[in-house]
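Notes follow once the structure below has been shown.
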Amino acid sequence: MSSEVKDGLKDERTVEDSRPSREGGDRAQYGMCAFLALLGTAVIVDALGIERVTNGTDPVGPRAVPLLLGALLLLLAVLYAVDVARGGRGEPEAGEDVDLSQGSDWRTVLLLIAVFVANALLIERLGWVISGGLLFWGTAFALGNRHYIRNLLISATLSLTTFYAFAIGLGVNLPAGVLQGIL
Amino acid sequence: MDNLNNLMQGFADVMDPMNLLLALIGVVIGTAVGVLPGIGPAMTVALLLPITYGMEPVQAFIMFAGIFYGGMYGGSTTSILLNTPGESSSVVTAIEGNRMAKAGRAAQALATAAIGSFVAGTIGTLLLVLLMPFVVDFAVSLGAPDYFALMLLAFIAVTSVLGSSRIRGLISLLLGLTIGVVGIDQSGQQRLTLGIPQLADGIDVVVVAVGIFAVGEALWVAAHLRRRPAEVIPVGRPWMGKKDWQRSWKPWLRGTAYGFPFGALPAGGAEIPTFMSYITEKRLSKHPEEFGKGAIEGVAGPEAANNASAAGTLVPMLALGLPTNATAAVMLAAFQSYGIQPGPLLLDREASLVWVLIASLFIGNLLLLLLNLPLAPAWAKLLQIPRPYLYAGILFFATMGAYAVNAQPLDLFILLSLGLLGFAMRRFGLPVLPLIVGVILGPRAELQGRRSLQLSGGELSGLLGGPVSYTVYTAIVLVLVWPLIRRFVVRPLRARSAA
Amino acid sequence: MTILVGYVPSPEGEAALRAGIDEARRRGEKLLVVNTTRGDAYVDPHFAQEPDLSHVREDLAALGVDFDLRQVLGARDAAEEIIDLAEKTEASLVVIGMRRRSAVGKLIMGSAAQQILLGVGCPVLAVKAGA
């Protein structure tokens, strides 16, 4: 009788059964290897461009450490690739708010990045009160909260209080932007 | 007795109403974010650091002391009520604590955790006071090669002891060391600055910590947002009966005895002592049958060990400038951002600051006990905050803090890049602590290494300074070969004895 | 025809459940008990845990009511979810529990009950705890 719970209701967000995590090699790790190799190469190239200044007081000079790090990065990229090829994989970090049974929600991540970049571009022009408020509102939206008006109030309160408390009260560097003179 | 006088002076400084208020704010914020899922004490200090730039260093550190212990306490509350430890050091507390809570003894579990934390924190801080002068005396006698060796040990320790995979730990460390290289080096040459003038001063450690801890975590959670509420156990006001006290006080003391030395060692940490405390209590208990079903000793001991270890980490942090856990690493970054260099000279140059910090640790610990026993049910309510607001708040404060460091939008793009790096590290199971330690210690290790070789005229033998560095290199070798020993000696032996 | 009950593990929710059971027996209709959560907080006191659910199930079975128990996890508000379900199941009656709330509290938080009253096509029975 009681066909409880497990109700799809057209909402793909209705999360129920935990799917078994993907078995076998985790090929995306090769991307990380490539990143390490690239970084190692970049570090070495940059180090080779540094002027060689060694003298009695500094026999090592500024090149040695980056060269060593670059070489180690390349070495680790290879070792990591070998480890991955042999089936090694790092456990993705679990957490209280993290549900690893589903795939990654790239839409949310991209939205968050967009909101973040918008704030970085606008912060000087519009000032912290407006751009920070937009940041909070946009982030809450990206994470699925749909109380637009309530969030607008919360965002405004938060950015105004932080501005008055920290920028004006404690002398923290926050731009006033277009609201210069009004706040 | 000189120390006691200094400590008394430290107390006198904290007893100012404004400072007490800051200590209270620190404790409240620390506990609140400790309770909130996804935010640890390290992230909290990192997020708050830029905000305190307008304060005197003394005031900032009074607040950080509160956050330091408050965050830890909040973490144990969540692990008892939800069985989802926020940090690896609370794993053991969660085992018995959550069982106790499920058996209707949440109040006692919370009480033994709170009082045990207080006892361990107080004893640990006292030990810190007693030990500091000796460690400083020892530290003053160390030369550049010894420091270089100690830092290498710290690198090896955070990569080998913590993570499950050494390769992944090393990758994280190297990424951190590479970030640390960015900027103008001691000989005046630009390294990895890509010709961007703002990078000449290097990437601020605060931006790195906020990017990796806060932005990385927010992005990671956003990609895997949990949609099902957890089962939470209702809390009453924590209290303990006479029998609970009798069963708790010895585990508290034993846990402290395990925790402090491990925290104080450069290769220590909180995982090993909490686990050892759990095993010991299980063995010594008069009620071994209760273990696994909610034994109070299994909460009291590990929780005390956890806090004592946290107090212990302050010894190498203050005396040698070596961080051994994430919170200590960020606190070290805090010292540096105030232009204060932790290490043997700290106690001479900034004596009043150090003693105020230690005095506020005592006071923060006491405030925590007074505040949290009655407030536990209120803290549990924080878990009802919707995640969109929680993570929007984290990103909001992360952005504000990172911008405030240098007031340049470029830092926000660096912050985002580091956040993406933090995301990737979480995705691929790379531990984040080695990266932070690498960023902080990397430049200093280079400095000490170059100084050692300068003394020897470039001969590599200059890195072998004296008995201390020999001992440290031996320790490094031991840490490195330990897994091999375990694989080829211990396991076969065990297998044989089992057969 | 179905009677839809918005169930929450609280005195109001229990009151709504009782009223729903009475109506279902009087009219001889099927009972649909719904518990929803947006699932966006770590802890949601309106989310019925397994012990609550099994007690509801046992009670209903003991009373011999023809019932269905659903739990909906999603990103939407309880009110939207219930309005949607009422339409889909062509419910003859929606039963909800109500709390007393000050005018200011309602202004800030809005009211799920109000949203349901306005949004549902069929009659709505609003019950208070202890009634």
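Just so it is clear, none of the values below were taken in a lab; they were calculated from the coordinates. Source: prediction; values computed, not measured. Here Cβ is always computed from backbone atoms with ideal geometry, including for glycine, and neighbour counts include all displayed protein chains.
Mark the label point 7 Å from the Cα of B:ALA103 along Cα→Cβ and return the residues of segment B:239-257 whose backbone N is within less than 15 Å of it. Those under the cut-off are B:241, B:243-245, B:247-248. In summary, the helical segments of chain A meeting the span-like criteria, namely a full DSSP H run, a Cα extent along the axis of 30 angstrom or more and a mean Kyte-Doolittle hydropathy of at least -0.5, are A:64-85. Can you tell me the orientation of helix C:78-88 relative to chain C, as the angle in degrees between its alpha-carbon axis and the longest Cα principal axis, to the nearest 10? Long axis of C:78-88 versus the principal axis of chain C: about 40 degrees.
Once the Cβ-Cβ distance of A:LEU121 and B:ASN406 is raised to the sixth power relative to R0 = 25 Å, the FRET efficiency obtained is 0.90. Taking a ≥ b ≥ c as the square roots of the Cα gyration tensor eigenvalues, chain B comes out rounded, since a/c falls below 1.5. Count Lys and Arg as plus one, Asp and Glu as minus one, and take only other residues whose Cβ is under 15 Å from that of B:TRP239; the net charge is then +4.
Adding -39500 (n - 2.57) for every DSSP H run of four residues or longer, then dividing by how many residues chain A holds, sets the calculated 222 nm ellipticity at -17500 deg cm²/dmol.
In the neighborhood of B:ILE171, defined by Cβ-to-Cβ distances under 14 Å, what is the net charge if each Lys or Arg adds +1 and each Asp or Glu adds -1? After counting each charged neighbour, the total is +4. Peptide A:85-93 has a mean of 5 when you count, residue by residue, the C-beta atoms of other protein chains within 10 Å of its C-beta. What is the helix-to-structure angle for B:242-264, meaning the angle in degrees between its Cα long axis and the longest Cα principal axis of chain B, kept from 0 to 90 and rounded to the nearest 10? So the inclination is approximately 10 degrees.
The chymotrypsin sites (Phe, Trp or Tyr not before Pro) found in segment B:203-299 that occupy coil by DSSP, while having at most 11 further C-beta atoms within 10 Å, are B:TRP239.
Each residue in B:ILE156, A:ILE44 was given a count of other beta-carbon atoms within 10 angstrom of its own, and listing them fewest first yields A:ILE44, B:ILE156. Is segment B:333-435 best put as rounded, prolate or oblate by its Cα gyration tensor, with a ≥ b ≥ c the root eigenvalues, rounded for a/c under 1.5, and otherwise prolate when a/b is larger than b/c, oblate when not? The shape class here is oblate. Would you tally the net charge around B:LEU353, using a Cβ to Cβ cut-off of less than 12 Å, leaving B:LEU353 out, and scoring K and R as +1, D and E as -1? Combined, the nearby Lys, Arg, Asp and Glu give -3. Once the Cβ-Cβ distance of B:TRP239 and C:ALA129 is raised to the sixth power relative to R0 = 25 Å, the FRET efficiency obtained is 0.25.
For C:VAL72, the residues whose amide H sits under 5 Å from its own are C:ASN35, C:THR36, C:THR37, ignoring neighbours fewer than 5 places away on the same chain, with H placed 1.01 Å from N.
Among A:HIS147, C:HIS55, B:HIS224, a tally of other beta-carbon atoms within 10 Å of each Cβ gives an order, fewest to most, of C:HIS55, A:HIS147, B:HIS224. Charge dipole of the protein assembly as shown (Cα centre as origin; +1 on each Lys and Arg Cβ, -1 on each Asp and Glu Cβ, all else neutral): 1240 debye, rounded to the nearest 20. As a proxy for reagent exposure, A:ASP105, B:ASP411 were ordered by neighbouring Cβ count within 10 angstrom, fewest first; the result is A:ASP105, B:ASP411.
Looking at the protein assembly as shown alone, DSSP beta bridges between its own residues are antiparallel in about 20 percent of cases.
Stretched out straight at 0.36 nm per residue, the stretch from B:GLN186 to B:ASP201 would grow longer than its current Cα-Cα span by 4.3 nm. Across segment B:7-13, computed HN-Hα scalar couplings (Karplus, 6.51 cos²θ - 1.76 cosθ + 1.60, θ = phi - 60°) run 5, 4, 4, x, 4, 4, 5 Hz from first to last residue, x flagging Gly and Pro. Here chain C is assigned +1 on the Cβ of each Lys and Arg and -1 on the Cβ of each Asp and Glu. Its dipole about the Cα centre then comes out at about 480 debye.
Here the Gaussian network model covers chain A, with springs between Cα atoms less than 10 Å apart; of A:ASN173, A:ASN55, A:ASN119, A:ASN55 fluctuates the most. Between A:LEU183 and A:ARG146, the FRET efficiency estimated from the beta carbon spacing at R0 = 22 angstrom works out to 0.15. Over chain C, dividing the summed -39,500 (n - 2.57) contributions of all DSSP H runs of at least 4 residues by the number of residues returns a 222 nm mean residue ellipticity of -13500 deg cm²/dmol. Give me the angle, in degrees from 0 to 90, between the Cα long axis of helix B:410-427 and the longest principal axis of the Cα atoms of chain B, rounded to the nearest 10. The helix B:410-427 is inclined about 60 degrees to chain B. Please label the shape of chain A as rounded, prolate or oblate, based on the square roots a ≥ b ≥ c of the eigenvalues of the alpha-carbon gyration tensor (a/c under 1.5 means rounded; beyond that, a/b larger than b/c means prolate, else oblate). Taking the square roots of the gyration eigenvalues as a ≥ b ≥ c, chain A is oblate. Positive end of the dipole of chain C (Cβ unit charges, origin at the Cα centre): among C:GLY13, C:TYR42, C:THR89, the Cα lying farthest that way belongs to C:GLY13.
Taking 23 Å as the limit for the C-alpha separation, the pairs B:LYS242/B:LYS381; B:LYS243/B:LYS293; B:LYS242/B:LYS293; B:LYS250/B:LYS286; C:LYS88/C:LYS128; B:LYS242/B:LYS282 exceed it in the case of B:LYS242/B:LYS381; C:LYS88/C:LYS128.
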